Amino acid sequence: MNLKPITPRHEIKFVANFYTLPKILAWIKSNNHGFYNEYPDRKVNNIYFDTYDYTAYASNLSGESTRKKVRYRWYGEGEINSGQLEVKNKKNKLGWKDTYKICHNPFENNVSWRKVIKHINHELPDEAKHILKIYNFPVISNSYSRCYFISQDKKIRLTIDTNQKAYDQRYKSNPNFKVQSRLLDTFVLEFKFENKNRQIVSSLLNGLPIRVSRHSKYMNCLNSVSGRGYY
């Protein structure tokens, strides 16, 4: 089942050392946009898929104006239940996401990656099956704790991701959720908004006490496990 696609929007990310987080939280509470918690905090888990020659990684690294990222996502701690396959699309500065609900746990009974992909594929419509056939190499699993905020006028969404963890999946026959890779102790602050609200956000960001930075969790996790350094 393909869920309702998200309207194309801008996503601006900031990355900073964890010790600056109290300053950012104070800024969120004190600015005049009236940000409040939109949802309860929750743990986000992802599996990132790529081609065997790392097409998604290469297109992000080179800054191609049109690119895709494919991941399987689920929420919460402990046992995996239902989740969703997400295809993140980027064209110039705007991005949107196609989401396909997966009702059954594809990791049940500690199955191999081949069977995990088969289980996911079984619940997908044809257009998503085609994408997963191309991006069928499980590269990285990651997780983080996410806080959700929204402005009083609901024009700007803001998330903060902390406690990031990564697990290398390359060339493993079964999913690896135990052997963790080392990541820097940082947090990610992200603003999400429609194109019509660019000026509002531009004005808001003038007072932000950290600088904008190009950031991709997939890129950083893969660079970390492969020894390429941070992106």
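The values are calculated or read from the model by the stated rules, or taken from the named source; none is laboratory data. Keep in mind that what you see is a predicted model, and the values were worked out from it rather than measured. Reconstructed Cβ throughout: ideal geometry from the backbone, glycine too, with neighbour counts over all protein chains shown. Side chains included, ligands, DNA and RNA excluded: accessible areas come from the protein's heavy atoms. Shrake-Rupley method; radii C 1.70, N 1.55, O 1.52, S 1.80 Å.
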Do any strands (runs of 3 or more DSSP E) entirely within the stretch 1-87 hold 3 or more residues that are farther than 26 Å from I134 by Cβ, and if so, which?
10-17
Considering only residues of the stretch 1-17 that are surrounded by fewer than 13 Cβ atoms within 10 Å (Cβ to Cβ) and over 18 Å from R67 (Cα atoms), which is modelled with the lowest pLDDT?
K4
Cβ-Cβ under 7 Å, sequence separation 6+ or interchain: first residue in the stretch 85-97 and under 15 Å from F49 (Cβ atoms), partner modelled with pLDDT of 90 or more and aromatic (F, W, Y). Which pairs?
L85/Y72; L85/Y100; N89/W96
In the stretch 106-147, which residues are assigned to a strand (DSSP E or B) and open to solvent by 30 Å² or more (accessible area, probe 1.4 Å)?
S145, C147
Among the residues of the stretch 169-182, is there at least one that is assigned to a helix (DSSP H, G or I), small (G, A, S) and farther than 18 Å from G34 by Cα?
no
Considering (1) without any contact (Cβ under 8 Å) to a residue 24 or more places away in the chain; (2) over 18 Å from T186 (Cα atoms), say which one Y39 fails and leave the rest.
(1)
Of everything in the stretch 64-85, what is on the phi > 0 side of the Ramachandran plot and open to solvent by 40 Å² or more (accessible area, probe 1.4 Å)? Give them in sequence order.
G78
